[in-house]
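Asker: My structure is below; once you've seen it, I'll send some questions.
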Amino acid sequence: MTSMPLASSSRLPSRASWWHRNQQSLTPWLMLAPGVIFFLVYVIFPIFQSFHISLFEWDGLGPKEFVGLYNYEELYWDDAFYVSLRNNILWLLLYMLAIPAGLAIALFLNQTVTGIRLYKSLFFFPFVISQVVVGLVFSWFYDPTFGMFNVMLGWIGLDPVNVLGDERFVTYGIIVAGLWPQTAYCMILYLTGLNAVDPEQIEAGRLDGAKGLKMLWHIILPQLRPATFIAFVVTIIGALRSFDLISIMTNGGPFGESRVLAFYMFEVALSEYGFRMGYGAAIAVVLFLIMMIYIAFFLWKMARDERGH
């Protein structure tokens, strides 16, 4: 009877010593575990589930019918899909204007000028308001009867334009509305990055005669690469998942000309077009692949530039 306590007591120091030896390496993983689990369950798993659902014809409630790649074949012949894809490309290209605009504003706000706190508050304001509010504000701004946009056109002798009712201008009008808060977000990223710029490199550049654009290009921008990377990724994702502004400002109109892939996916899966979850999942898969291609290309380009330096 006396041997058992001795055996158990002999094992306790070894267990305690193992935890003590591995505590520093295991603690970060234990801290990260909840976030990793949530990411796997709510991000990674739905991605694979979307691929799976896209192979079925399903209304979301009844039995699934396996159709293989038929949903993708139907996308190939769907004119509304190509309109949405074209608009998404426009969003991607024009939304990138938020990055240099945010950088320019951040460089201005990083100066010591009178009333700089007021300016920072004004430029920061679009970032903190809801996208729904942004959509409503720009809907009133573009209103052909009393909107400020047409009032300003009248100042220079131009006729009123129904921006949100004209299929030629509607997508551009919504993109301008989206650029307002996106520029503010990029500005915040660059302001944070400018606080980390090494002042000694700035002084060394001045001693070498660098100033203006040369200082910006050769000394400041290389130190802002982390902020630029985040700005590019967030802007690309924001352009591809644009939904709320379109829903608030035009609901996809006129004649479906302002649709993007995210909004069209909602229409075919959950709107009056019928509960076609498989077809909506196929659109989601295409949207995901486009996003991955853009981000992978940017990551490859950044890695190549880093190797070059």
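Rule-based calculations on the coordinates, nothing more; no lab input. What you are looking at is a predicted structure, and each value in this text was computed from that prediction instead of being measured. As a convention, Cβ positions derive from the backbone with ideal geometry for all residues, glycine included, and neighbour counts pool all protein chains shown.
Asker: What spacing in nm lies between the two simple spin-label points modelled at residue 30 and residue 229, each 7 Å away from Cα in the Cβ direction?
Answerer: 3.0
Asker: Can you pull out the GluC sites (Glu not before Pro) in the stretch 256-309 that DSSP calls coil and that have at most 16 other Cβ atoms within 10 Å?
Answerer: 272
Asker: Which of the chymotrypsin sites (Phe, Trp or Tyr not before Pro) found in the stretch 213-309 are loop residues per DSSP with 13 or fewer other Cβ atoms within 10 Å of their Cβ?
Answerer: Loop-located and lightly packed - 255.
Asker: When only C-alpha pairs under 8 Å and at least 6 residues apart count, what is the relative contact order of the stretch 73-308, in percent?
Answerer: This gives 27 percent for the stretch 73-308.
Asker: Label-point separation (nm) for residue 213 and residue 107, each offset 7 Å from Cα along Cα-to-Cβ?
Answerer: 1.0
Asker: Got a sec? How would 214, 64 order by Cβ neighbour count within 10 Å, fewest to most?
Answerer: On the way: 214 12, 64 15.
Going from sparsest to densest Cβ surroundings: 214, 64.
Asker: Mind listing the long-range amide H neighbours of residue 56? Cut-off is under 5 Å, sequence gap 5 or more, other chains count too, H placed in the peptide plane at 1.01 Å from N.
Answerer: Here the answer is 67, since their amide H atoms fall under 5 Å of that of residue 56.
Asker: When the gyration tensor of the stretch 79-233 is built from Cα positions, what are the square roots of 5 times its three eigenvalues, in whole Å, from largest to smallest? Present the calculation step by step, with values, prior to reporting the outcome.
Answerer: Working: eigenvalues 251, 74, 42 Å².
In descending order the semi-axes read 35, 19, 15 Å.
Asker: Which chymotrypsin sites (Phe, Trp or Tyr not before Pro) in the stretch 65-157 pass both tests, a DSSP loop state and at most 11 other beta-carbon atoms within 10 Å?
Answerer: In loop regions of the stretch 65-157 (DSSP not H, G, I, E or B), the sparsely surrounded chymotrypsin sites (Phe, Trp or Tyr not before Pro) are 77, 146.
Asker: Calculate the spin-label point distance for residue 131 paired with residue 23, positioning each point 7 Å from the Cα along the beta-carbon direction, and give it in nanometres.
Answerer: Here the answer is 4.6 nm between the modelled labels.
Asker: On to the next question. For a footprinting-style exposure proxy, rank 271, 54 by other Cβ within 10 Å, fewest first.
Answerer: Listed from fewest to most nearby Cβ atoms, that is 271, 54.
Asker: Based solely on its DSSP helices, what 222 nm [θ] is calculated for the chain when runs of n ≥ 4 H residues each add -39,500 (n - 2.57) and the sum is averaged over all residues, nearest 500 deg cm²/dmol?
Answerer: Computed mean residue ellipticity for the chain: -23000 deg cm²/dmol.
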